Amino acid sequence: MSRKQSSEARCPRHGALRVVRRDLPFRFRIWIPSTNPAMNRAVAKVAQLAVRCGCSEDRQADLEIALREALANAMTHGNARRPGRKVFLRCYAGPRAGILIAVRDEGQGFDPDRVPDPRSTNRKHLSHGRGLLLMRELTDWVAFRRGGSEVVLFRRTTS
């Protein structure tokens with residue numbers, strides 16, 4: 001199968017995910033600036049796609065939070081909120097298949113295994129640092145690629 005037809009990656013927590021993108025009829029790709037208004041528009045676009053796919057309200061809310069965290073991390077940490085840097089967002093979705101989202105920044109990447117657990121005693125009081133945990137808890141599958149400069153999220157539309 002050609003690379004354009006399928007995506008396969010591994011998540012340490014959830015194992016391999018194989019999605020045939022041609023089976024996901026709804027899709028879009030967009031470069032967005034590292035700004036909050038651009039993030040809000042992108043999240044709204046994905047939310048509309050989730051509704052078209054029959055995503056339940058609970059699942060849609062979880063997906064929106066996880067996507068917002070991925071975009072915020074890409075803009076803040078990856079792109080350092082530099083005005084000229086952009087975030088590449090790809091989204092593929094299907095009514096019974098789910099929603100696959102990839103968020104890539106222009107930064108150097110990072111090692112997600114080196115990010116401290118925000119639930120540890122010495123980090124609970126901090127007002128930041130929960131993005132990766134939220135992404136992992138609110139989606140069905142998460143993986144980091146391209147040396148940590150791209151996060152891939154997958155959420156089923158139904159249980």
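Structure values in brief
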read-out: Sole exception among (1) out of contact with any Asp or Glu (no Cβ under 6 Å at 6 or more places or on another chain); (2) under 14 Å from ALA143 (Cα atoms) for ARG104, by number; value: (1)
read-out: Of all residues in region 115-156 being assigned to a loop (DSSP other than H, G, I, E, B) and modelled with pLDDT of 80 or more, the one that is surrounded by the most Cβ atoms within 10 Å (Cβ to Cβ); value: THR139
read-out: The lone exception for PHE110 - which of (1) without any contact (Cβ under 8 Å) to a residue 24 or more places away in the chain; (2) not in a helix (DSSP H, G or I); (3) not acidic (Asp, Glu) it fails; value: (1)
read-out: Candidate set from region 94-103 (those that are in contact with a Lys or Arg (Cβ under 7 Å, 6 or more places away or on another chain) and not β-branched (Val, Ile, Thr)); member that is modelled with the lowest pLDDT; value: GLY98
read-out: GLU64 part of a helix (DSSP H, G or I), among the charged types (D, E, K, R), surrounded by fewer than 14 Cβ atoms within 10 Å (Cβ to Cβ) and under 17 Å from the mean Cα position of the chain (by Cα); value: no
read-out: Complete set of residues in region 89-109 that are of a type in the set (Lys, Arg) and either exposed (fewer than 10 other Cβ atoms within 10 Å of the Cβ) or more than 16 Å from GLN60 (Cβ to Cβ) (or both); value: ARG90, ARG104
read-out: Unmet criterion (only one of (1) touching a strand residue (DSSP E or B) at 6+ places or on another chain (Cβ under 9 Å); (2) within 21 Å of PHE28 (Cβ to Cβ); (3) of a type in the set (Lys, Arg)) for ARG96; value: (1)
read-out: Close pairs (6 angstrom Cβ cut-off, 6 or more residues apart or separate chains): within 13 Å of LYS86 (Cα to Cα) in region 35-50, surrounded by 14 or more Cβ atoms within 10 Å (Cβ to Cβ) and not acidic (Asp, Glu) anywhere; value: ALA38/ILE32; MET39/LEU71; ALA42/ILE32; ALA42/LEU89
read-out: Boolean, PRO112 is modelled with pLDDT under 90 and exposed (fewer than 14 other Cβ atoms within 10 Å of the Cβ); value: no
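Residue-wise test of (1) modelled with pLDDT of 90 or more; (2) charged (D, E, K, R); (3) out of contact with any strand residue (DSSP E or B) (no Cβ under 6 Å at 6 or more places or on another chain).
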residue	(1), (2), (3)
ALA16	no, no, no
ARG29	yes, yes, no
ASN36	yes, no, yes
GLY54	yes, no, yes
ALA74	yes, no, no
LEU89	yes, no, no
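The values are calculated or read from the model by the stated rules, or taken from the named source; none is laboratory data. This is a predicted model, so every value here is computed, not measured. As a convention, Cβ positions derive from the backbone with ideal geometry for all residues, glycine included, and neighbour counts pool all protein chains shown.
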